[in-house]
Amino acid sequence: MKLTKDKLKKCLQLFLTFFKIGAFTFGGGVAMIPFMEREVVEKKKWIDKDVLLDIVVVAESTPGPIAINGATFIGYKVAGFMGSMCATLGVVLPSFIIILLLSFCLGYVWENEIVQYALRGIRAGVLALVAKSLWGLFKKSPANAFSYIMIALSFIAVAVFDVKVLIVIISGALIGLAAFFISKKAGDNKK
């Protein structure tokens with residue numbers, strides 16, 4: 001596998017882009033989605049919004065953190081295997097560095113009132129980012145009764161009945177496949 005100058009440049013851009021996303025986003029992968037959209041769709045134009053939505057769905061459905069999975073998929077789409085490695089390293093490295101540094105001093109400042117207020121402010125901001133991501137995903141979802149019923153049932157299963165997310169995702173995929181085959185069969189019968 002030979003790295004051309006162009007591919008090396010793209011890999012460096014992927015690393016720096018995802019390093020920035022990882023360094024300036026608090027709240028985990030879902031909070032990173034608007035930043036990923038701005039950086040890779042709007043600014044860099046590496047992928048379009050529909051592809052990002054597909055990547056988010058797959059990243060959420062596969063084991064591991066959504067931010068790492070998303071960076072890996074986007075990196076692969078842009079520059080192949082090396083692109084996925086660079087994007088993944090870029091998104092992980094800031095958290096690793098921050099956690100490493102915090103581990104040395106957290107015990108001294110955790111009970112500090114100023115730190116507690118700062119953390120409350122960060123939580124409020126993260127909640128807004130997550131709400132924005134959810135709204136964006138909702139707007140991009142197919143607008144039909146089946147989708148709305150699946151959204152409601154999934155939310156109720158997780159929020160009310162504490163069903164494991166993996167079970168909801170697998171069930172949703174199976175129900176979606178069943179609906180596809182039923183609608184296809186119904187369409188074939190009308191011909």
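The values are calculated or read from the model by the stated rules, or taken from the named source; none is laboratory data. Quick caveat, the model's predicted, so the values are computed rather than measured. Here the Cβ positions follow ideal geometry from the backbone for every residue, glycine too, while neighbour counts run over all protein chains shown. Please note that ligands, DNA and RNA were not included when accessible areas were found on the heavy atoms of the full protein model with its side chains. Shrake-Rupley method; radii C 1.70, N 1.55, O 1.52, S 1.80 Å.
Some notes on this structure:
- Residue check for L137: at pLDDT below 85 and either closer than 18 Å to T25 by Cβ or open to solvent by 90 Å² or more (accessible area, probe 1.4 Å) (or both): yes
- Residue match in the range 43-61 (condition: open to solvent by less than 20 Å² (accessible area, probe 1.4 Å), touching a residue at least 40 places away in the same chain (Cβ under 8 Å) and within 20 Å of K7 (Cα to Cα)): no
- Tally, over the range 106-157, of residues that are touching a helix residue (DSSP H, G or I) at 6+ places or on another chain (Cβ under 9 Å) and among the β-branched types (V, I, T): 5
- Pairs meeting the criteria (first residue in the range 154-170 and under 18 Å from F138 (Cα atoms) and open to solvent by 90 Å² or more (accessible area, probe 1.4 Å), second residue at pLDDT 90 or above and of a type outside the set (A, V, I, L, M, F, W, C), beta carbons under 9 Å, at least 6 apart or on different chains) are lacking.
- For I156, the conditions (1) hydrophobic (A, V, I, L, M, F, W, C); (2) within 22 Å of A59 (Cβ to Cβ); (3) part of a helix (DSSP H, G or I); (4) at pLDDT 90 or above all hold with the exception of (2).
- Residues being open to solvent by 80 Å² or more (accessible area, probe 1.4 Å) and either of a type in the set (A, V, I, L, M, F, W, C) or outside any helix (DSSP H, G or I) (or both) - total across the range 143-153: 4
- Which listed residue is out of contact with any strand residue (DSSP E or B) (no Cβ under 9 Å at 6 or more places or on another chain) and part of a loop (DSSP other than H, G, I, E, B), from K20, K10, K2: K2
- Note on the range 95-134: among residues that are more than 25 Å from D48 (Cα to Cα) and small (G, A, S), the one that is surrounded by the most Cβ atoms within 10 Å (Cβ to Cβ) is S95.
- Selection within the range 1-41 - surrounded by 14 or more Cβ atoms within 10 Å (Cβ to Cβ) and basic (K, R): K7, K10, K20
- Members of the range 170-188 found to be of a type in the set (S, T, N, Q) and within 23 Å of the chain's Cα centre (by Cα), listed by number: S171
- Test: residue in the range 85-92 that is open to solvent by 80 Å² or more (accessible area, probe 1.4 Å) and more than 20 Å from L129 (Cβ to Cβ): yes
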